[in-house]
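Everything below concerns the one structure shown next.
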Amino acid sequence: MAANSLSWILVVCLMVNLCDEIASDVPASSDKCPHLWEEYEDNCFMMYAIPATRAEAKKECEQMQGGTLVSIVTSRDDDFLVNYWDEISPLTTDIWIGLKRDPDNRDNFFWDNDVSIQHVNWLDGEPNDQDEHEDCVVYIRRKDNEGWNDRECYDNKYPFICMKPRV
């Protein structure tokens, strides 16, 4: 809920002395994520629709008070992300996520924020590490097909979603 909306609710309830009755309807988390960020569980999320390289996207997220590219730890996280994506930018088909190939073991991946990998959603045949240059991961959504695909990090530009812990 935006700060202006919360202020308006407080003004109205003070005027008519209904604060006790209305207080239970105001979400407890209304001020835990910055304006325009979406709250889910213990994190805040923001989609950037302007395409960027993986490095540019990662840097942008880090400049947001310690944010990272989105990590998808559970299938519930995956469902949240898809629903959020639909609300914000339904026509966007590919986004960077915070998963990257381990340079020391090309069969392994890691999340930028170092959470353990508990859930994967690879498209059929992925990851394929085409020409041994696909070190980054995008989430792809097409009509009836969605999932992760490894991609080359430096030339491709995609929108992205940042996440950071809520306050």
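The values are calculated or read from the model by the stated rules, or taken from the named source; none is laboratory data. Bear in mind that the values here come from a model prediction, so they are computed numbers and not experimental data. Heads up, the Cβs are rebuilt from the backbone with ideal geometry, glycines too, and the neighbour counts pull from every protein chain shown.
Scanning region 50-61 for residues that are at pLDDT 95 or above and out of contact with any Lys or Arg (no Cβ under 6 Å at 6 or more places or on another chain), which turns out nearest to residue 32 (Cα to Cα)?
Filtering first and then ranking leaves 61.
Restricting to region 95-120, what's the tally of residues that are surrounded by fewer than 18 Cβ atoms within 10 Å (Cβ to Cβ) and more than 20 Å from residue 164 (Cα to Cα)?
8
Among the residues of region 88-116, count how many are in contact with a strand residue (DSSP E or B) (Cβ under 8 Å, 6 or more places away or on another chain) and either among the hydroxyl-bearing types (Ser, Thr, Tyr) or without any contact (Cβ under 8 Å) to a residue 12 or more places away in the chain (or both).
6
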